[in-house]
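The values are calculated or read from the model by the stated rules, or taken from the named source; none is laboratory data. Keep in mind the model is a prediction, meaning the values are calculated, not measured. Here the Cβ is made from the backbone with ideal geometry for all residues, glycine too, and neighbour counts use every protein chain on show.
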């Protein structure tokens, strides 16, 4: 008598659900995934290919919450109320009389930039030169006042983490145009943002779609170069043997998607060894280009390299690149903090927009600039001189450029003190839905079955902010 081979507990449990109905449902749910298992990041058309405005995204995350009141949303009323006590629904009093919380005017002067007359603090010298390429949106509102949960919300649509990042959703929906590079790349600070790598996680999506973080110091990716004495021919033979063994195992474990993802990651890593070193070498750019981004000069060199690298990545078909700059968290000494942060990013961002336009890439590249929330018009007293602002999810400025947005416009508004959005008001999920639409994706169709239901970036649906689209 032939003894049947032993089966694992996982295989046994999987078999219990293999009724006719369960099999049919499983087949339907996996149809799309199975068809692209061999090349999960292969380019896809999206849901509205004819309406797609952008092909790639560069997401500029100003961690810490930049103050809209001190960057792009001036409020003359705060000059009138400066150092008067802040009272909700009450009468203002002099801070010298009581002094618990008080209104704070902006320490920065503002001007109208470009033909569009966009409001900008005067220390944005380089960004002002490309003001007519930008769409400023003042109606966005968040839901959290805590940095980690607010970052998760802006990056994943879920305040509590664990869900796929927006870059993961976009590569899931569209794939990537370069099969030798990750479709979703992150350029973080040396210190990761609050909440850590969960800000660029694949969540419940297959592992192919997670963000690949490039290290800010040393080798951008560990083990990018093979060990001494190991040639590419050695690596190729080793991978071929490993693939044979994995394929044999996969025949017996069809339901194990993590194995397929691991196999694909080995092959991608092998191809990256040829592609990545050249792409990361920004020294290949002309001196004129390097100077434009502020390379080799403090304080712009660090973020300038990120912006230049982001252009090189989208130029080579990477779908989503996220850059971190921070921290903008300014509970006191906001004049000093925001002045330093603007000096770090102003020239690089201005150069990025101009460079993309000059190369004919701005129309197909969507640039997003934001933090996790805005700042309040008031703050507690810090010795009477160290003026700052607290967290404020009810009023913030997000700006976009390229990728089919309404350039040279300011959309929405906050109230007279900047405390709350009052015109064209939308939650973060609507901003996410709009970004997807600009890439030809429909949030209601871009779903993944997990934990008993179809899930989507917006959680439970949202509205496109039509005012932002050209």
Note on the stretch 293-308: residues within 13 Å of residue 60 (Cα to Cα) and either touching a strand residue (DSSP E or B) at 6+ places or on another chain (Cβ under 7 Å) or crowded, with 23+ Cβ neighbours inside 10 Å (or both) are 303, 304, 306, 307
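Rundown of residues vs (1) assigned to a loop (DSSP other than H, G, I, E, B); (2) modelled with pLDDT of 95 or more; (3) under 29 Å from residue 432 (Cβ atoms), yes/no style:
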| position | (1), (2), (3) |
| --- | --- |
| 74 | yes, yes, yes |
| 89 | yes, no, no |
| 92 | yes, no, no |
| 98 | yes, no, no |
| 102 | no, no, no |
| 108 | yes, yes, no |
| 111 | no, yes, no |
Exactly one of 226, 197, 182, 277 is over 19 Å from residue 307 (Cβ atoms) and at pLDDT 65 or above, and that residue is 197
Across (1) farther than 25 Å from residue 177 by Cα; (2) surrounded by fewer than 22 Cβ atoms within 10 Å (Cβ to Cβ), residue 395 clears everything bar (2)
Within the stretch 326-342, restricting attention to residues that are part of a loop (DSSP other than H, G, I, E, B) and at negative phi, which residue is modelled with the lowest pLDDT? 332
Restricting the search to the stretch 420-455, which residues are without any contact (Cβ under 8 Å) to a residue 24 or more places away in the chain and over 18 Å from residue 398 (Cβ atoms)? 444, 447, 452, 453, 454
Only one of these conditions is not met by residue 150: (1) touching a strand residue (DSSP E or B) at 6+ places or on another chain (Cβ under 7 Å); (2) at pLDDT 95 or above; (3) crowded, with 19+ Cβ neighbours inside 10 Å. Which number is it? (1)
Can you tell me how many residues within the stretch 437-461 are buried (at least 18 other Cβ atoms within 10 Å of the Cβ) and either part of a strand (DSSP E or B) or in contact with a helix residue (DSSP H, G or I) (Cβ under 7 Å, 6 or more places away or on another chain) (or both)? 8
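Rundown of residues vs (1) in a loop (DSSP other than H, G, I, E, B); (2) crowded, with 23+ Cβ neighbours inside 10 Å, yes/no style:
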position	(1), (2)
310	no, yes
317	yes, no
324	no, yes
344	no, no
356	no, yes
Test: residue 123 is modelled with pLDDT of 95 or more and more than 26 Å from residue 363 (Cβ to Cβ): yes
Evaluate the following for residue 155: is it surrounded by fewer than 19 Cβ atoms within 10 Å (Cβ to Cβ), modelled with pLDDT of 95 or more and under 22 Å from residue 199 (Cβ atoms)? no
Among the residues of the stretch 163-181, are any at positive phi, surrounded by fewer than 24 Cβ atoms within 10 Å (Cβ to Cβ) and either in a helix (DSSP H, G or I) or without any contact (Cβ under 8 Å) to a residue 60 or more places away in the chain (or both)? no
Return a yes/no flag: does the stretch 202-222 have any residue that is under 30 Å from residue 390 (Cα atoms), surrounded by fewer than 24 Cβ atoms within 10 Å (Cβ to Cβ), out of contact with any strand residue (DSSP E or B) (no Cβ under 8 Å at 6 or more places or on another chain) and at pLDDT 95 or above. no
If you go through the stretch 314-325 one residue at a time, how many are in contact with a helix residue (DSSP H, G or I) (Cβ under 7 Å, 6 or more places away or on another chain) and modelled with pLDDT of 95 or more? 6
Checking 375, 382 in turn, the sole residue that is buried (at least 22 other Cβ atoms within 10 Å of the Cβ) and either farther than 16 Å from residue 60 by Cβ or at pLDDT below 95 (or both) turns out to be 375
Pick from 417, 434: which is surrounded by fewer than 21 Cβ atoms within 10 Å (Cβ to Cβ), outside any strand (DSSP E or B) and on the phi < 0 side of the Ramachandran plot? 417
Within the stretch 457-470, track down each residue that is without any contact (Cβ under 8 Å) to a residue 40 or more places away in the chain and in contact with a strand residue (DSSP E or B) (Cβ under 9 Å, 6 or more places away or on another chain). 462, 463
Residues located in the stretch 129-140, provided they are in contact with a helix residue (DSSP H, G or I) (Cβ under 9 Å, 6 or more places away or on another chain) and either modelled with pLDDT under 95 or crowded, with 20+ Cβ neighbours inside 10 Å (or both): 130, 133, 134, 135, 137, 138, 139, 140
